[in-house]
Structure formats: C-alpha cells, structure tokens
Amino acid sequence: MASSDFDGILLGMGNPLLDVSAVVDQDFLNKYDITLNNAILAEDKHLPMYDEMSQKFSVEYIAGGATQNSIKVAQWMLQTPGATSYMGSIGKDKYGEAMKKDATAAGVNVHYYEDESTPTGTCGVCVLGGERSLIANLSAANCYKVEHLKKPENWALVEKAKFYYIAGFFLTVSPESIQLVREHAAANNKVFTMNLSAPFICEFFKDVQEKCLPYMDYIFGNETEARTFSRVHGWETDDVEQIAIKMSQLPKASGTYKRTTVITQGADPVVVAEDGKVKKYPVIPLPKENLVDTNGAGDAFVGGFLSQLVHGKGIEECVRAGCYASNVVIQRSGCTYPEKPDFN
C-alpha cells in the first residue's frame, strides 16, 4: 500500500487523561485503599492523592488514557504521519495544551473537544514493584459530546478510517458516539474493535457494553477482565480459553468478519479465539529486573496489534507486533517508547 492509503486509516475515540505517574510506597496505597493491577474511577476520597503524589514522590506527567496510548503506539509502529486519528475531550488548560503537544508530536491527528469549564482529566498511576494501579479522575474527559463527532470536519475522520478502536472506558462517557461509529463500520464493511478495559466496565456498564458486542470484530482484554465478563454473564467458568471462545461466538451484527477474541495474560501466553478454536502465543520473556512498570502494557499490545492489522497481516503477525510493543513499553516509565521501532 502507498503511504497515502494509510492516511487516517485508524481512528480511536476515548478518554484523554494526563498520567500523573510515580513509584509509591505501600503506606500510600493503604491510605487511599488502592490495590495493584486494577483500574478504577476516582471517588472523593481519592481526590487529594494527586497533589500528595507530586509532593511526596518523583512524579512524571505523560499524555495517556487507554485509547490514546494504543493509538500513539500504533502510530509509532506505522511511522506514517497522520495514519491515525483520535477524538476525546480535554479542558482548556495547561494539561490540555501538554496533551495536544504530545499527541501531535507523536504524529497523531487529534481532534479534541475542548471543554471551557472543566479541567483536563488526570490518571494517578501508582507503581510499586513494577505493578501498577490506575485511579482516573475523568473531569473534562467525561464531557465529550456527540455533537462534536457530528461536526463535518470530525465526521470526515470517521468516514476516512477503515479501522476503529475504542476502549471500554468510553462507554461511561458517550455511548451515543460509539453507536454512530459502530453502525457506520457495520454498514460500510469496516473493522470495529473494542477493549473490555476494566472489571468495573464489565460489571457496572454491562448493558451499554452488550449493545456494542454484536459490532465488535475484535475484542481485546486481559485475563482478569475476561473472568469478570464470564461471571457477569453467568458462564460459570474461569478458564480463559473457554471464555475467549464463548466471547468470539456471541452473535454479530454484520457477517463481513468473524469475531476474534484476544486476551493477554501478563507474562503468560496471549490467548486468541476464532472459529471456535484457541491458539496461544508466547510473549517475549523479560527478566524481572528489566521490568520498570506495567502501565500501558495492554494499551501498547493493542497498538502494536492494530499497526499490523491495518496492513492486512494475519493474526500471528499482529500478536507478534503487540508483544513487541508491550515489551518495549514495560521497560520504560509510562506508555512511552524510543524514537523508532525496531520491529521487522
């Protein structure tokens, strides 16, 4: 494909958040009732933690949010400026400006909705022993309006794209926007993909998630999310391979593509289910001492995977690229990467 064929080929929509990332101690986790390897929305009790983190620990600010991470990684892997686009809501403030600068520098064509009255969303990333916990204070990210998507210059991005990726977190913000995009994808034989994203999405946003399921050509998630999904749907199995198969066999709105379920399991093999069968792909082994932080590992996996999917590559190559990207990211702080990928 010529590079012009890749112009805007992949569109992401989600909650842009500025990651406030720090290595913390167990006392801090206990104080704010935080468990590792989890992702939650901030409650009132969590609000003081962002300031406390910056006072107590060495904090890094990195443009994040699950979907934006994946799109930035896909863009990095593709190395074709403007191959990816992204929409979400930020505030009119210094964090919003930092986000815009960061994403644009990464080569992503961002069309943010800018909320005048609400600050840019932040995500507390608490790292201990290489494991991470995410506490998201959505703020402006929660204010995305479907009217923004309908504007001609923004809807043009939807029409131009051939692949769509939306993390489950966006279900809490703008189900109407997701509906417009998924219906466009189904009507035009394009590829629509989503992520389970967090146990609380599977549990408390089950109804809106279920409306999207028939449209998902690819479902991404990790083993904890898959098991929660299984429990919520009364499947009575904890076996990730069985769950992946059952998810891939749920009814579909369009018959153009069969559904593929892709479940990551940390250091254990990636489980891929399609056609009622499971294949497992080993991840790249990493000595514990090289692990810096797992924040963004799943997002990076999806970004790597999508970078090959838009090239029309097979599952094995997509998974290999996903494993490569996540391996790079977990050896760095936050969802960051070197200037050029070393993936062939």
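The values are calculated or read from the model by the stated rules, or taken from the named source; none is laboratory data. From a predicted model like this one, the values you see are computed outputs, not experimental measurements. As a convention, Cβ positions derive from the backbone with ideal geometry for all residues, glycine included, and neighbour counts pool all protein chains shown. For accessibility, only protein heavy atoms count, side chains too; no ligands or nucleic acids. Shrake-Rupley method; radii C 1.70, N 1.55, O 1.52, S 1.80 Å.
The table below lists the values:
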| read-out | value |
| --- | --- |
| Region 101-190 - Kirkwood radius from inverse mean 1/r over Cα pairs (Å) | 15.2 |
| Where 132, 259, 332 fall by accessible area, highest first, once all protein chains stay in place (1.4 Å) | 332, 132, 259 |
| Stokes-Einstein D in µm²/s, Kirkwood radius over Cα pairs - region 39-179 at 20 °C with 1.002 mPa s viscosity | 133 |
| Calculated FRET value between residue 189 and residue 147, using beta carbons and R₀ = 30 Å, to 0.05 | 0.65 |
| GNM result for the chain, Cα springs below 10 Å: residue of 137, 195, 30 fluctuating most strongly | 30 |
| Residue-count net charge about residue 256 - beta-carbon cut-off 10 Å; Lys, Arg +1, Asp, Glu -1 | +2 |
| Mean-position separation - Cα centroids, region 152-220 and region 34-81, in angstrom | 22 |
| Cut-off 10 Å between beta-carbons: net charge of the residues surrounding residue 294, Lys and Arg +1, Asp and Glu -1 | -1 |
| Extension gain from residue 154 to residue 180, taking 0.36 nm per residue of separation minus the Cα-Cα distance | 8.1 nm |
| Net length gained if the chain between residue 313 and residue 239 were fully extended (0.36 nm per residue, minus Cα distance) | 23.8 nm |
| Proximal lysines relative to residue 31, as straight alpha-carbon distance under 25 Å, when same-chain residues fewer than 8 apart are discounted | 45, 56 |
| Taking the chain and dividing mean pair separation by its residue count, relative contact order in percent (alpha carbons under 8 Å, at least six apart) | 18 |
| Kirkwood-based Rg to Rh ratio, the chain, C-alpha trace | 0.93 |
| Per residue, in Å², the accessible surface of region 176-218 once ligands and nucleic acids are set aside, probe 1.4 Å | 37 |
| Expected 222 nm ellipticity per residue - DSSP helices of 4 or more, -39500 (n - 2.57), all of the chain, to 500 | -10500 deg cm²/dmol |
| FRET efficiency estimate (nearest 0.05) - Cβ-Cβ, residue 206 to residue 50, R0 35 angstrom | 0.75 |
| Rounded Å value of the spacing that divides the Cα centres of region 92-123 and region 297-311 | 22 |
| Cα-based Rg and Dmax for region 6-72, where Dmax is the largest Cα-Cα distance (Å) | 14.8, 48 |
| For residue 112, net neighbour charge (Lys/Arg +1, Asp/Glu -1) across residues whose Cβ lies under 13 Å away | -2 |
| Carbon/sulfur fraction of accessible area - the chain, other protein chains in place, 1.4 Å, % | 49 |
